[in-house]
Amino acid sequence: MADRAADLAITLRVIGIGPGGPRQITLEAVDAIAATDVFFLLDKGSRVAQLTDARQDLLDRYARAGHRVVTVVDPPRDRNPDDYRAEVLRWHTARVDALEAAIGEHLRDGGSGAFLVWGDPALYDSTLRLTGQLAARIGPGLTVEVIPGVTSPSALTAAHGIVAHDVGEPVLITTGRRLAETPPGADRNQIVMLDSHLAFTETAAPDDQVYWGANLGTPEQVLISGRVGDVADEITRVRVELRERTGWVMDVYLLRRAR
């Protein structure tokens, strides 16, 4: 079926759906969902079933009658590899293989498919890399459309009612894995994503300020802010409790160095 995809004229939409709240979705995304025939969901197992339910809620609200949902089993991934980049590239290739087969099987000539992406597709998400590989394989018959979404950093600062920086200051967006590598002078305002280990608890000074948020825009949203020395233990505890209660945590934080 994968070979058949190369013979199709199809549209793939990569639709940003925001950090989790069904109202944190743009009108452009609503229109894109309503225009799509088939939605491809990568199944990551029962641990994140609530995330799948949240996507389904958006489809129930905005997708047109007769749309279809195709679940593709997400290939396994080593979360602690010796070579992180090589493992991610291998995993992406396995994903593309599975998605190409699904497209060939489920999309008709002239049809459209979509991926619903948390937050914004351009910020710490791999879907556009996957569609880039799909485009290289399928060829000119594939058109990729990208619809931006509300990012978790913007949802975080809005939820806390703060500006991400002082007047004229820069903001660095990084990951927990790279937080310790931030050079002096670039670390005044850091928005940190993909940090399941809460790296700031080891790298930040007690007087630094942290603004943390988890499961933003959902009924399980949690916000904590304050001096690192005062709230780090609370954030660590609440994160564990939230994961145990809901089965998932998507969190982000702003770390502001003390002057």
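When Trp212 is tested against the conditions (1) surrounded by 18 or more Cβ atoms within 10 Å (Cβ to Cβ); (2) assigned to a loop (DSSP other than H, G, I, E, B); (3) of a type outside the set (Ser, Thr, Tyr), the lone failure is (2).
Residues that are of a type outside the set (A, V, I, L, M) and assigned to a loop (DSSP other than H, G, I, E, B) within segment 224-259 comprise Gly247, Trp248, Arg257, Arg259, listed in sequence order. When segment 129-151 is limited to residues that are without any contact (Cβ under 8 Å) to a residue 24 or more places away in the chain and under 18 Å from Thr93 (Cα atoms), the one that is surrounded by the fewest Cβ atoms within 10 Å (Cβ to Cβ) turns out to be Ala136. Of the listed requirements (1) within 28 Å of Thr182 (Cα to Cα); (2) at pLDDT below 95; (3) hydroxyl-bearing (Ser, Thr, Tyr), Tyr253 misses just one: (2).
Within the option set Arg4, Arg61, Arg47, being of a type outside the set (A, V, I, L, M), at pLDDT 85 or above and in a helix (DSSP H, G or I) holds for one residue only, Arg61.
Within segment 32-41, is even one residue at pLDDT 90 or above, aromatic (Phe, Trp, Tyr) and in a helix (DSSP H, G or I)? Before you say what the answer is, go through the steps one by one.
Here is the first cut: in segment 32-41, the residues at pLDDT 90 or above are 32-40.
Imposing the further condition that a residue be aromatic (Phe, Trp, Tyr) reduces the set to 39-40.
The next check asks that each one be in a helix (DSSP H, G or I); those that pass are none.
The answer is no, given that none of the residues of segment 32-41 is at pLDDT 90 or above, aromatic (Phe, Trp, Tyr) and in a helix (DSSP H, G or I).
Residues that are touching an Asp or Glu at 6+ places or on another chain (Cβ under 6 Å) and closer than 30 Å to Tyr211 by Cα are absent from segment 122-137 altogether.
A quick yes/no check of all residues on (1) assigned to a helix (DSSP H, G or I); (2) exposed (fewer than 13 other Cβ atoms within 10 Å of the Cβ); (3) not assigned by TED's automatic domain parsing to the domain that holds Ile15:
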residue: Asp53; (1), (2), (3): yes, yes, no
residue: Arg79; (1), (2), (3): no, yes, no
residue: Leu99; (1), (2), (3): yes, no, no
residue: Gly104; (1), (2), (3): yes, no, no
residue: Leu116; (1), (2), (3): no, no, no
residue: Asp125; (1), (2), (3): no, no, no
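Is it the case that Ala155 is assigned to a loop (DSSP other than H, G, I, E, B), of a type outside the set (D, E, K, R) and buried (at least 17 other Cβ atoms within 10 Å of the Cβ)? So Ala155 does not fit the description; no.
Would you say Ile17 is of a type in the set (A, V, I, L, M), within 22 Å of Ser196 (Cβ to Cβ) and modelled with pLDDT of 80 or more? For Ile17, the condition - of a type in the set (A, V, I, L, M), within 22 Å of Ser196 (Cβ to Cβ) and modelled with pLDDT of 80 or more - is met. Scanning segment 196-222 for residues that are among the charged types (D, E, K, R) and modelled with pLDDT of 95 or more turns up Glu202, Asp207, Asp208. Tell me, yes or no, whether segment 164-179 has at least one residue that is assigned to a strand (DSSP E or B), without any contact (Cβ under 8 Å) to a residue 24 or more places away in the chain and within 30 Å of Leu12 (Cβ to Cβ). Among the residues of segment 164-179, at least one is assigned to a strand (DSSP E or B), without any contact (Cβ under 8 Å) to a residue 24 or more places away in the chain and within 30 Å of Leu12 (Cβ to Cβ), which makes the answer yes.
Kindly indicate whether Val73 is in contact with a helix residue (DSSP H, G or I) (Cβ under 9 Å, 6 or more places away or on another chain), without any contact (Cβ under 8 Å) to a residue 40 or more places away in the chain and either over 12 Å from Leu130 (Cβ atoms) or outside the structural domain of Pro19 (by TED's automatic domain parsing) (or both). Against the criterion (in contact with a helix residue (DSSP H, G or I) (Cβ under 9 Å, 6 or more places away or on another chain), without any contact (Cβ under 8 Å) to a residue 40 or more places away in the chain and either over 12 Å from Leu130 (Cβ atoms) or outside the structural domain of Pro19 (by TED's automatic domain parsing) (or both)), Val73 qualifies.
The values are calculated or read from the model by the stated rules, or taken from the named source; none is laboratory data. Bear in mind the structure is a predicted one, so any value in this text is a computation, not a measurement. So basically every Cβ, Gly included, is an ideal-geometry build from the backbone, and we count neighbours across all protein chains shown.
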